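Before any comments, here is the structure.
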Amino acid sequence: MDSQFGLMNVWAQGDIVTRGVALLLLVMSLSSWMVIIIKALDLRTYSRQSRRTEAFWHSADFADGLSRLGSESANPFRALAVEVRDASEHVQQQDGRATTQLHDAIDVSEWLTRSLRNSIDESTARLQSGLAVLASVGSTAPFVGLFGTVWGIYHALLSIGHAGQATIDKVAGPIGEALIMTALGLAVAIPAVLGYNALVRGNKSVLNRLNRFGHDLHAYFVTGARVKPPRARAAAPMKQA
């Protein structure tokens, strides 16, 4: 025998508004879980790529270091190294020649800093993509569910008024089914909020490693040596490609 309560009964007894709210919550839940899974896999990849930076500094030359960073097109650490290398080569080509472009008059250190910052900003934008979806779902899903609850209670009260009775057995079923919409809204919002917070922490960790790597690259191309971290083993000097 079919149950008189539960999600299936809410769907069967609901009107177009109730079903529309339920479908909207389903779409919001699926989109948030897709973002969480995809971004979590990306963070795992970035974390693995960041561990290659130490091998980069122990390479024989810059070209060998790039190969140790990997060949992935979406590797922000490789993109950072390539960006600063190209910026350094541009400065070397303009050394001793007349200024032909406005950015050729910029100080070498500042030019490398800007190039590194542009690459880090692009990586930051990729890391943060999709987080707006989680923030939107986490902040709006409870209210979407609450709207479904209010709409369901309204129709439940209309039905009770038409029946002319307000006994507990008449009220408990319709009101309980309406409150299910609130529970669905919370079930959609909570994973989105938790996923958002976890991804933000993961992004900060990746960006911290990216900034440290960029600082070391800047020091290497300006002074010819990496800034040695405390108690770190000395890295073998590299020759610029």
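The values are calculated or read from the model by the stated rules, or taken from the named source; none is laboratory data. Since this is a predicted model, take the numbers as computed values, not measurements. Positions of Cβ are generated from backbone atoms using ideal geometry, with glycine treated the same way; all protein chains shown enter the neighbour counts.
Observations
- Scanning segment 193-211 for residues that are of a type in the set (V, I, T) and closer than 15 Å to G138 by Cβ, we see that the one that is surrounded by the fewest Cβ atoms within 10 Å (Cβ to Cβ) is V200.
- Selection status of A172, at pLDDT below 70, more than 31 Å from the chain's Cα centre (by Cα) and outside any helix (DSSP H, G or I): no
- The set of residues in segment 62-113 that are among the hydroxyl-bearing types (S, T, Y) and either surrounded by 15 or more Cβ atoms within 10 Å (Cβ to Cβ) or at pLDDT 70 or above (or both) comprises S67, S71, S73, S88, S109, T113.
- Qualifying residue in segment 36-55 (condition: of a type in the set (A, V, I, L, M, F, W, C), closer than 30 Å to T149 by Cα and modelled with pLDDT of 85 or more): yes
- Residue satisfying condition, being of a type in the set (S, T, N, Q), under 30 Å from W33 (Cα atoms) and modelled with pLDDT of 95 or more, within set N203, N197: N197
- Among the criteria (1) among the β-branched types (V, I, T); (2) modelled with pLDDT of 95 or more; (3) closer than 30 Å to S67 by Cα, the one T223 does not fulfil is (2).
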